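Notes follow the structure.
The values are calculated or read from the model by the stated rules, or taken from the named source; none is laboratory data. The structure presented is a predicted model; accordingly, all values stated were derived computationally and were not measured. All Cβ positions, glycine included, derive from the backbone under ideal geometry; neighbour counts span all protein chains shown.
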Amino acid sequence: MGERISNRLNLHTLGGFKIEHERQVLTRLGSRKVEGLFVYLAVTERTHPRELLSELLWNDRTQKQAMSNLRRILTGLRQHFGPYVTITRETVGIKANSDLWVDVKELKAGLALLGDISGATSAAAINDVETALTLYQGDFLAGFHVREASGFESWLINERQYWQQLVLTGLTSISAYYEAASLYSQGINTAKRILAIDSLQESAHRRLMQLLTLNGRRSEAITQYETCRRLLMDELGVLPSPETESLYKKIIKGQLVSDLSDSKIIISTHPDPLEESDIQENTAVFHNLPLSAMPFVGRQNELLAFKNLLTDSNIRLITITGVGGIGKTRFALAAAEQELRSITNYPDGIYFVDLSPLNEVEKIPTALAEALDFSFQIESDQTKIQQLVNFLRQKQTLLLLDNFEHLLDGAAFVDDIIKSAPKVKILVTSRERLQLQLEQNYPLDGLKVPIGLFSNREEIVDIEVYSAVKLFLQIARRNQPHITFDNQKKQKNIVRICQMVDGMPLALELAASWVGSVSLAEIIDELQQGLDILETELRDVPSRHRSIRATIDYSWHNMSEREQEIFRNVSVFHAGFTRHAAQAVAGANLHLLNRLVRNSFLKFETVHGRYQIHELLRQFGKEKLITSGKLVAAEKAHQNYFLDFMIEREADIKGRRQLPALQEIKNDFENIRVAWLKALEQKAYEEMDKALDCLILYHIANGLIGNDIAKLRQQTMSLISNQSDGKLPRIWYRVAARDIGLHKRDIPLFERALTFAQQNNDHKEIAYVTSMLGWAWTIVKEYDKGLHLLEDGAKLSRKYGSIYYEIFLDSLAAIYIELGNKEKAYQLLQQCLTEFQALNDSVFSIRPLYTLAWVSWQMGDFNALERYSLERERLLNQMGKRSSLSILRDEVQHLFLPLIKGEFEELTIRAHRAIAAQKERGVYQHNQAITPILLANLAGNYILAGQLIQSFPEENSLFLKPEYKFQISWCQAIAYTGMGDYLKAGEAFHQTLTLTIDRQDVGSLMLSLPIGALLLAITGNSIKAAEILALTFKRMAGWTGWLEKWDLFNQLRSDLEAECGATIFAEAWQRGQTLELWSTARFLLSEIE
């Protein structure tokens, strides 16, 4: 039976979920849906119909099922929250005047004290607001999820955004107050709090820069600008705004003065100002913290989050857990050192106790007493524990108990202190939790490691912004002070080392200690062989930290034999695994997996419900598995599981479980790859054959046609060829026909595969290979032959029910586009889309939607362009980042719709998103160059656009597709026209028009005609310019927002009317509306040189 609640109830939602009654945290409050429903009722503060609540919690069920489920949940709600809720036959709500305190209501009431910030704001009000803001301990219901309740999850996301924005607004207001009151230290702290919540809020970076400067900390202000600049470029792919650049220049030149004109804060004359004594900084706190030999590196965000835990009066015991060598002790010391800045938190001191030398639980009190300088009374009737507890009872202190994992039976002593000494806070480091009710676990991971760098072959990247790299280089330079890492090859090797050890600090230090003795490449080779290189002979390093193997072995011997067996078995997994996979492959149950999590050999990732193994631990487990003689059996179980896994998900990829199946394959793709290669080694061809189509469909669905699948294909064909006795198995021919990258060299392979399929009467395979062969012939411009084969392949695919049928329709349409037959392509794409929609296939629908939008643009059907674009965007948003097909939203063409609608703000947002996404993926480099030129043109900054055009790599333009060549020449024509360089503008326009006519691209022509009209007007042919402008407005009726909002064009119509006179202009305008489109284009081509 759960706990029944009465009297005052405190509901905490900011930073997590917690309910308190009489200062006790309540648990066992029914299911997650009961808790979620109670929060929803308490936060919304109104009565809700039962139907709405049933849909909120079960929107994927029928109404009858949902209402039945709701009745069971309401029973739990009555049981646990009866005094606070009102439940009728029709509605459910919070009982009026119930004794319920909710943190978000308190926060909102406190922030309301700011009122209209254009009025007087008193220091008392600021104090109250500050108090209210302490309630914000993190995101609304952080870590709280209700399964299979997407309606509730949507509400949860919106609430998180709302409360975060409310807090940011409040912090911004009080930071402005502090600046106006010249309380710069408080203002600096407040600005930092804003950036801790939203590191990309540029206005907060500016305020912090200004406050630091006004506080005499100019160098820190300059550093803050660099931080701002790096964050904006890394996360958004943009430079700081002109306002930020202007402020930075003033700081550099020493010209900054306090400009409060935009703060809208008036200082009140009320006699209750904040006292500087309220902020006690740099006050000595007694402590015995050991000095660190090396400066603390990284983990600044973790330290900030950890400080919130330390300052939370409801959290008394925090255990920092993690594998040996992950940096628990150093992090705990850094967190404790932060607390030395204020005597008010721990006036009775901060004490460090090293438990590693102890071998008996009974020695813990003595070690603590020594640290506290406490002497036991020998004659006392009390035990040592009782004496210590009594000594601490009235103390307000922080105890740091380091290396507790081998003394876990002593957890009861810690529990006694927590329960008897209300002002003592205990910070523990341990490889395993203490398993106490009041314990707050804080798992620690490795340092931040670079991922996805070096998109440019020669690019030198600032890799030291990553804490793992920074630590590695710090140790390396200690051994070799003058060593440099000034080329990309060296940088890549450093990054690879950091990745191979998963950012583990001890491993980084041990690996870096070899720099100067061996090359970086040799360190990588040694790491690939095993753990032997990760050791040191330094005398001042504890013996259990002198090698990674010794560090892990220390914990290994504390595990039971069954736990050791399970960990050995799970070491065959790569990049994590699910509970189901662990049960099938390793024989693990939930209890054993939980034990391995508790002792830090595994980590559970809640987002995808997966277990992760640190790479060095995995290598250690693999060594133990080899020694046990059970490696072959474990690898066979792994191979069978993941091949079956793929076979089962083939139907899902084309069915209702499409998105979950794709995500599951993505999560386990490294396991699948390893299983495939192991099956290849074992000649398990039949199982591979069954799993092949799922593998290919997954890559097509994700738009992945790169090196990973190509390399796997090549490995497969090569190894089978070497293994065969002259007669190749079916799997070889099927793999040979599945090169979705397509090259001229594939044609002979496809022809061999087709012959093999025909000899074996394999109809589906005949259909597949026929289509692929046709596609390959089109690559070498043999369109007639290719088109014939593609059409035959599509017919056969439909006849024999091939899973690739709809995909080949899309491929066939692409060829018709290439041949200029847009109408036929449009027809095939609509058929393809209809087929996909009939299958409820949202993933594969994205490609024809993208192409339909593009063909609609080329045909000048802007309504269809919008319709297909919006549907594609809806599906991409539904998929989120699950598919690399999201790259299709980052094409420059995707910007055309907001462009012609005149939605320049939306265009700018999409452009910045595109640039960031492209840089992250390292693809479509030409888009990264074209998009900034377009944005500069839109902003009227034609000089910048011209400079960007000049910097566009000439060799890139040689390989651009025609649509990209059009985009760059169109941008050139705009920029040069805006700059008044009409000769260059004419040359660029001529190229633009030539490309447009060649491709018969109506959409691009409509973008070009106004430039032609403008150039004609400049040369004095105003009447013809008016005709061409009239044609543009006629053909783009309803889509001329860009002409009305763009400064270059928005006065053109009125200027032409003034130039021609009203009557002549009206006649020209009427004639222009009847002009034929392509003859007009050819006229402009001959008229404008």
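At-a-glance table
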read-out	value
Residue count for region 62-90, restricted to those that are outside any helix (DSSP H, G or I) and in contact with a helix residue (DSSP H, G or I) (Cβ under 7 Å, 6 or more places away or on another chain)	3
Count of residues meeting criterion [in contact (Cβ under 8 Å) with a residue 60 or more places away in the chain and not charged (D, E, K, R)] in region 480-522	7
Answer residue from region 837-855, given it is under 21 Å from Q663 (Cα atoms) and among the aliphatic types (A, V, I, L, M) and is surrounded by the fewest Cβ atoms within 10 Å (Cβ to Cβ) among those	L839
Scan of region 555-579 for residues that are out of contact with any Phe, Trp or Tyr (no Cβ under 9 Å at 6 or more places or on another chain) and surrounded by fewer than 18 Cβ atoms within 10 Å (Cβ to Cβ), ordered by number	H557, N558, S560, E561, R562
Those residues of region 792-803 which are surrounded by fewer than 17 Cβ atoms within 10 Å (Cβ to Cβ), over 13 Å from Q831 (Cα atoms) and of a type outside the set (G, A, S), in sequence order	D792, K795, K799, Y800
Contacts under 6 angstrom Cβ, first residue in region 115-132 being farther than 10 Å from Y177 by Cβ, partner at pLDDT below 70 and not hydroxyl-bearing (S, T, Y), 6 or more apart	S118/K264; A120/I266; A124/D272
Odd one out for A776, checked against (1) over 23 Å from I731 (Cβ atoms); (2) in contact with a helix residue (DSSP H, G or I) (Cβ under 8 Å, 6 or more places away or on another chain); (3) not aromatic (F, W, Y)	(1)
Within region 142-160, tally of residues that are under 21 Å from the mean Cα position of the chain (by Cα) and outside any helix (DSSP H, G or I)	4
Residue under evaluation I665, criteria (1) buried (at least 18 other Cβ atoms within 10 Å of the Cβ); (2) within 26 Å of R562 (Cβ to Cβ); (3) assigned by TED's automatic domain parsing to the domain that holds I709, criterion not met	(2)
Residue check for E806: charged (D, E, K, R) and crowded, with 21+ Cβ neighbours inside 10 Å	yes
Answer residue from region 31-66, given it is of a type in the set (V, I, T) and at pLDDT 85 or above and is surrounded by the fewest Cβ atoms within 10 Å (Cβ to Cβ) among those	T44
Selection from region 642-662 of residues that are surrounded by fewer than 19 Cβ atoms within 10 Å (Cβ to Cβ) and of a type outside the set (A, V, I, L, M, F, W, C)	D644, E648, D652, G655, R656, R657, P660
Complete set of residues in region 282-333 that are farther than 17 Å from S356 by Cβ, at pLDDT 90 or above and touching a Phe, Trp or Tyr at 6+ places or on another chain (Cβ under 8 Å)	I318
Of all residues making up region 577-599, the number that are in contact with a helix residue (DSSP H, G or I) (Cβ under 7 Å, 6 or more places away or on another chain) and in contact (Cβ under 8 Å) with a residue 24 or more places away in the chain	12
Given (1) aromatic (F, W, Y); (2) modelled with pLDDT of 90 or more; (3) more than 19 Å from G322 (Cα to Cα), number of the condition F454 does not satisfy	(2)
Region 236-245 - residue that is touching a helix residue (DSSP H, G or I) at 6+ places or on another chain (Cβ under 7 Å), modelled with pLDDT under 85 and in a helix (DSSP H, G or I) and, of those, surrounded by the fewest Cβ atoms within 10 Å (Cβ to Cβ)	E243
Residue in region 873-885 that is of a type in the set (S, T, Y), buried (at least 17 other Cβ atoms within 10 Å of the Cβ) and at pLDDT 85 or above present	no
Flag for L309 being more than 32 Å from the chain's Cα centre (by Cα) and in contact (Cβ under 8 Å) with a residue 12 or more places away in the chain	no
Filter result for L870 (modelled with pLDDT of 65 or more and farther than 29 Å from Q663 by Cβ)	no
Segments classed as helices (runs of 4 or more DSSP H), wholly inside region 1015-1089, with at least 1 members that are in contact with a Phe, Trp or Tyr (Cβ under 6 Å, 6 or more places away or on another chain), of a type in the set (D, E) and surrounded by fewer than 19 Cβ atoms within 10 Å (Cβ to Cβ)	1052-1060
Hits in region 373-405 - residues which are more than 15 Å from A421 (Cα to Cα) and at pLDDT below 90	D373, F374, S375, F376, Q377, I378, E379, S380, D381, Q382, T383, K384
Count of residues meeting criterion [more than 26 Å from the chain's Cα centre (by Cα) and either closer than 24 Å to Q714 by Cβ or modelled with pLDDT of 90 or more (or both)] in region 650-673	1
Residues of region 935-962 satisfying the condition of being surrounded by 14 or more Cβ atoms within 10 Å (Cβ to Cβ), among the polar types (S, T, N, Q) and at pLDDT below 80	N956, S957
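Quick grid of which residues meet (1) at pLDDT 90 or above; (2) in a helix (DSSP H, G or I):
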site: L828; (1), (2): yes, yes
site: Q831; (1), (2): yes, yes
site: Q837; (1), (2): no, yes
site: V843; (1), (2): no, no
site: W857; (1), (2): yes, yes
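For (1) at positive phi; (2) assigned by TED's automatic domain parsing to the domain that holds E1057; (3) at pLDDT 90 or above; (4) not hydroxyl-bearing (S, T, Y), each residue gets a yes or a no:
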position	(1), (2), (3), (4)
I933	no, yes, no, yes
Y964	no, yes, no, no
C971	no, yes, yes, yes
G986	no, yes, yes, yes
T996	no, yes, yes, no
M1006	no, yes, yes, yes
N1021	no, yes, yes, yes
K1024	no, yes, yes, yes
A1030	no, yes, yes, yes
